[in-house]
Amino acid sequence: MAANDRKFIVFIGPPGSGKGTQAQIIKERLGLPHVATGDLFRYNLKNQTELGLLAKKYMDAGELVPDEVTIRMVAERLMREDCARGALLDGFPRNLKQAVALDEILAPYGGVTVAPLFEVDDEVVVERISGRRICRKCGAVYHVKFNPPKHEGVCDICGGELYQRDDDRPETVKTRLFVYYKQTAPIIGYYFCRGILVDINAMQPVEDVTRDLMATLKKRGLSD
Ligand code: ADP
Ligand code: AMP
């Protein structure tokens, strides 16, 4: 495959808007890996790496991890073999500096292909985040009301224990939303000016969001 045939899809949206849920659903259909910076940090934290321990204090506070380490982590991740056809990026970039850095990383591959913007009201974000539960073992995402597991507290896929992320508690959610509007929202204009931003109504049920997302990607030649 020619280097500039790679497809890089950047999901933008507030925490809890459903980016990870959709990425998990469509990644196989697109044949692209799901690269989520929040997951990468949590993986590092679980394994007590230096990066994980550094990230922890920012994550606990709902603040962004410093750009330098985040950008380096993403650059390394995107050079891995499974990104040879591109990637679905979720949670990166999260500010203008990261958006510029991503352009530099992807310059040899034709840059960002499309940037779907997950639009949801703040009240919905709070409701979704407060009910989110994650599997400790495989990372699958549930919601106590909107996507409950068959047995409370147990992952349908691997039987692992479900837990609530520390940063999904109400005090931290407020800060994360504030950080989104202040630091991340400016990247909406950045991609809009390039003609690659697409609005997705993420208030709909999961299946309807998937349908709209796939229709958008198809229009842009990213899916059959
Ligand atoms: P993000 O990756 O944007 O932070 P998630 O994909 O983790 O968001 O979704 C946040 C929570 O909302 C999860 O508990 C998930 O099960 C739930 N969720 C995701 N999409 C929808 C939807 N369209 N309708 C209702 N609940 C949803
Ligand atoms: P998420 O799983 O996307 O909700 O991210 C959880 C936390 O990880 C965030 O609140 C930040 O502390 C950190 N994080 C994730 N992605 C980034 C990023 N691109 N830049 C800085 N910090 C990030």
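Pick from the stretch 167-203 the residues that are more than 16 Å from the chain's Cα centre (by Cα) and basic (Lys, Arg): which of them is modelled with the highest pLDDT? The selected residue is Lys182. Evaluate the following for Lys218: is it under 29 Å from Val100 (Cβ atoms), among the basic types (Lys, Arg) and surrounded by fewer than 13 Cβ atoms within 10 Å (Cβ to Cβ)? Taking the combined requirement at face value, the residue does not satisfy it. When we screen Val144, Val154 for residues that are surrounded by fewer than 18 Cβ atoms within 10 Å (Cβ to Cβ), over 21 Å from the mean Cα position of the chain (by Cα) and away from ligand 2 (no atom under 16 Å from the Cβ), the only hit is Val154.
Against the conditions (1) in contact (Cβ under 8 Å) with a residue 40 or more places away in the chain; (2) surrounded by 16 or more Cβ atoms within 10 Å (Cβ to Cβ); (3) within 15 Å of ligand 2 (Cβ to nearest atom), Ile134 satisfies every one except (1). Scanning the stretch 29-66 for residues that are within 16 Å of ligand 1 (Cβ to nearest atom) and part of a helix (DSSP H, G or I) gives Thr37, Gly38, Asp39, Leu40, Phe41, Arg42, Tyr43, Met59. Take Asp212 and decide whether it is crowded, with 17+ Cβ neighbours inside 10 Å and modelled with pLDDT of 95 or more. It is true that Asp212 is crowded, with 17+ Cβ neighbours inside 10 Å and modelled with pLDDT of 95 or more.
Yes/no per residue for (1) more than 8 Å from ligand 2 (Cβ to nearest atom); (2) over 14 Å from Leu40 (Cα atoms); (3) in contact with a strand residue (DSSP E or B) (Cβ under 8 Å, 6 or more places away or on another chain):
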residue	(1), (2), (3)
Ala55	no, no, no
Gly62	no, yes, no
Leu89	yes, no, yes
Ile105	yes, yes, no
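Would you point out the residue of the stretch 24-51, among those that are more than 14 Å from Ile134 (Cβ to Cβ) and within 11 Å of ligand 2 (Cβ to nearest atom), that is surrounded by the fewest Cβ atoms within 10 Å (Cβ to Cβ)?
Taking the stretch 24-51 first, the residues more than 14 Å from Ile134 (Cβ to Cβ) are 25-35, 37, 40, 44, 47-51.
Next, only the ones that are within 11 Å of ligand 2 (Cβ to nearest atom) stay: 35, 37, 40, 44.
On the way: Val35: 23, Thr37: 22, Leu40: 20, Asn44: 18.
Ranking the qualifying residues of the stretch 24-51, first place goes to Asn44.
Gln22 satisfies every condition listed in (1) within 16 Å of ligand 1 (Cβ to nearest atom); (2) without any contact (Cβ under 8 Å) to a residue 40 or more places away in the chain; (3) in a helix (DSSP H, G or I) except (2). Just wondering, is there one or more residues in the stretch 206-220 that are of a type in the set (Asp, Glu), in contact (Cβ under 8 Å) with a residue 12 or more places away in the chain and within 30 Å of Met59 (Cα to Cα)? So far as the stretch 206-220 goes, no, none of its residues is of a type in the set (Asp, Glu), in contact (Cβ under 8 Å) with a residue 12 or more places away in the chain and within 30 Å of Met59 (Cα to Cα).
The values are calculated or read from the model by the stated rules, or taken from the named source; none is laboratory data. Just so it is clear, the model here is predicted, and its values are computed rather than measured. Because the Cβ atoms are built from the backbone with ideal geometry, glycine has one as well, and the counts that use them run over all protein chains shown.
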